[in-house]
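Peer 1: If you scroll down you'll find the structure; I have some questions about it.
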Amino acid sequence: MKMKSKGHPIKTVLPNSIGEEMGIEPGDYLVAINEEEIDDVFDYQYLIKDDYIEVLIRKSSGEEWILEIDKEYDEDLGIDFENSLMSDYRSCHNKCIFCFIDQMPKGMRETLYFKDDDSRLSFLQGNYITLTNMSEKDINRIIRFNLAPINISVQTTNPELRCKMLNNRFAGSALKNLDKLYEGCIEMNGQIVLCKNVNDGSELESSIKDLSKYLPFMRSVSVVPAGITKYRKGLYPLELFTKEEAGSVIDLIESYQQGLYDKYGLHFIHASDEFYIIAEREFPEEEFYDGYIQLENGVGMMRLFINEFHEALNKVIAAEEYNSLKLSLHRNITIATGKLAYKTIQSFSEEIMQAFPNVKINVFCIKNHFFGETITVAGLITGQDLIKQLKEQKDKGIDLGTSLLIPSNMLRTGEKVFLDDITADEVESELKIKLVPIESDGHGFINSILNKDYQMKRNNENFVYVKAYEE
């Protein structure tokens, strides 16, 4: 059996694994499984699910081995590859009128300018894709492998308008892939980036009606406002939604929710938290979010945060140690966040200070001068804006205390570096304060305030009374 592909370079072989037992070594290449060449990690994961497989390995010397392997059905070979995707990332070929990357200043890290539109990242990381660079083979493979859920940036179901919004003449015809995925019973989630006077109003209503036809396999559709930075010179003239216009968007969306829920058990169409904040309306109750299907897309995040906070605070107040803690706990801290969550954080802080009279919490709304004040999420606050604005507070004589708490999404995942490459150490040095990244959930929020030795942990499900320390 001779294959055209050179194969995928193997980086490591786990001890006591099938791979080690069969003589596979780092530097070897995986070429095929059961005479099928491997395009990427999904081919690999699908083809190894069997109790007998034949694996073609090309040794670093060029020699080819066919390994006959008997194993448990779901047992892995214990090998890792140089490229975890086992393929190059697919870049986006659209030029969407709302693209955030096109609105970024020059001179930032090169990786920040990469536009991905890779269906495989939809399954691995939850990214939203447009379907415009997917072949019939790609769609058929998703159905064959039953890869789900797939997250799709729809924007509009009007083919001509979609071509205009994505600046891609194939964007309208790509919507036909929704029909194929539906017929293949593939679970989907949709997203509509709403642009004022473009795909809102009657166009949004048509999109809701059209997309609801894909229920129950399309489980949810989020409607989020386009992010608009100050770097839009030469780009499509987008405008911000007013309070009244945001309210109209919510009214339209909510007018469909109950009927869809009665029929399918899903509210299906959801306005993002940002629309409720712009409209100055209360967030819907938890049951309207259908289990927070689109939490990472800013839908229901604030409701979940609010519920978790009050659950955690009530647990602390109900603890036997509460009365002694109420008197002994002394803390002076600062919390910095974006405009979007500021009022909620401020309200939480007041509740904590009422429950613990010797705790002082300063909450500051950091304006986004780097991207423009129209950007209100905490995750896009830069180190330079944080430093400058908190220094201004110190210059006014405000004591920032001993710790500066920030939501962890201000920093790169797994690193203590802001979007503008300013490090946490630099912030601490400039402000003379300890920087503490915290979870964006209610349990972690209270934990971080009560415990001066708090360190961020991802699992707060077993939240209990936290020992507090005097400073």
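The values are calculated or read from the model by the stated rules, or taken from the named source; none is laboratory data. Bear in mind the structure is a predicted one, so any value in this text is a computation, not a measurement. Here Cβ is always computed from backbone atoms with ideal geometry, including for glycine, and neighbour counts include all displayed protein chains. All accessible areas refer to the heavy atoms of the entire protein, side chains included, with ligands and DNA or RNA removed. Shrake-Rupley method; radii C 1.70, N 1.55, O 1.52, S 1.80 Å.
Peer 1: Compute the length gained on full extension between Lys434 and Leu260: take 0.36 nm times their separation in residues and subtract their Cα-Cα distance, giving the result in nm to one decimal.
Peer 2: 57.7 nm
Peer 1: Helix-only estimate, please: 222 nm mean residue ellipticity of the chain, summing -39500 (n - 2.57) across DSSP H runs of length 4 or more and dividing by its residues, to the nearest 500.
Peer 2: That comes out to -10000 deg cm²/dmol.
Peer 1: Go through the range 1-87 and name the chymotrypsin sites (Phe, Trp or Tyr not before Pro) that are in a DSSP coil and have 16 or fewer other Cβ atoms within 10 Å of their Cβ.
Peer 2: Here the chymotrypsin sites (Phe, Trp or Tyr not before Pro) that fit, given the DSSP loop and packing criteria, are Tyr73.
Peer 1: Could you order Cys195, Cys99 by accessible surface area, starting with the largest, using a probe radius of 1.4 Å?
Peer 2: Final ranking, largest accessible area leading: Cys99, Cys195.
Peer 1: Relative to the longest principal axis of the C-alpha atoms of the chain, give the angle of the C-alpha long axis of helix 383-395, reported between 0 and 90° and rounded to the nearest 10°.
Peer 2: The two axes meet at around 10 degrees.
Peer 1: Which lysines have a Cα less than 19 Å from the Cα of Lys263, not counting those fewer than 8 places away in the same chain?
Peer 2: Qualifying lysines at Cα under 19 Å: Lys209, Lys213.
Peer 1: Using the basic label-point model (7 angstrom from Cα toward the beta carbon), what is the Ser135 to Leu14 distance in nanometres?
Peer 2: Distance between label points: 3.2 nm.
Peer 1: Using a 7 Å offset from the Cα along the Cα-to-Cβ direction at both Glu35 and Gln455, what is the distance between the two label points in nm, to one decimal?
Peer 2: Inter-label distance under the simple model: 5.4 nm.
Peer 1: Here's a follow-up. Quick check: from the Cα gyration tensor, does the range 163-221 come out rounded (a/c under 1.5), prolate or oblate?
Peer 2: oblate
Peer 1: With the Cα gyration tensor of the range 149-268 giving a ≥ b ≥ c as the square roots of its eigenvalues, does the rule (a/c under 1.5 for rounded; else a/b larger than b/c for prolate; else oblate) give rounded, prolate or oblate?
Peer 2: oblate
Peer 1: For the range 7-12, just list the computed ³J(HN,Hα) in residue order, Karplus coefficients 6.51, -1.76 and 1.60, θ = phi - 60°, integers in Hz, with x standing in for Gly and Pro.
Peer 2: Those phi angles translate into x, 10, x, 8, 8, 9 Hz.
Peer 1: Now for a different question. Which whole-Hz ³J(HN,Hα) couplings does the range 271-287 yield from phi under the Karplus relation 6.51 cos²θ - 1.76 cosθ + 1.60, θ = phi - 60°, glycine and proline marked x?
Peer 2: 7, 5, 4, 4, 5, 5, 5, 4, 7, 6, 10, 5, 6, x, 6, 3, 5
Peer 1: With a 1.4 Å probe and all protein chains kept in place, how much accessible area does Val417 have, in Å² rounded to the nearest 10?
Peer 2: It works out to around 20 Å².
Peer 1: Could you give the length gained by full extension between Asn332 and Lys367, i.e. 0.36 nm per residue of separation minus their alpha carbon distance, to one decimal place?
Peer 2: Stretched out fully, the Asn332 to Lys367 stretch lengthens by 10.3 nm.
Peer 1: Could I ask something else about it? Can you list the residues, at least 5 places off or on another chain, whose amide H is less than 5 Å from the amide H of Leu194, using H built in the peptide plane?
Peer 2: Here the answer is Val224, Ala226, since their amide H atoms fall under 5 Å of that of Leu194.
Peer 1: In sequence order, what are the phi-derived ³J(HN,Hα) couplings for the range 329-337 according to the Karplus relation 6.51 cos²θ - 1.76 cosθ + 1.60 with θ = phi - 60°, rounded to whole Hz, with x for glycine and proline?
Peer 2: 6, 10, 9, 9, 9, 10, 10, 10, 8
Peer 1: Using 7 Å Cα-to-Cβ label points, what is the Gln389/Asp179 separation (nm, one decimal)?
Peer 2: The modelled label-to-label distance comes out at 4.9 nm.
Peer 1: Subtracting the Cα-Cα distance from 0.36 nm times the residue separation, let me have the gained length for Ser324 to Asn83 in nm, one decimal.
Peer 2: 81.3 nm
Peer 1: Taking the Cα atoms only, what angle lies between the long axis of helix 136-145 and the longest principal axis of the chain, rounded to 10 degrees?
Peer 2: 80
Peer 1: Moving on. Got a sec? What order do Arg169, Arg162, Arg281, Arg58 fall in by accessible area at 1.4 Å, biggest, i.e. largest, first?
Peer 2: Arg169, Arg281, Arg58, Arg162
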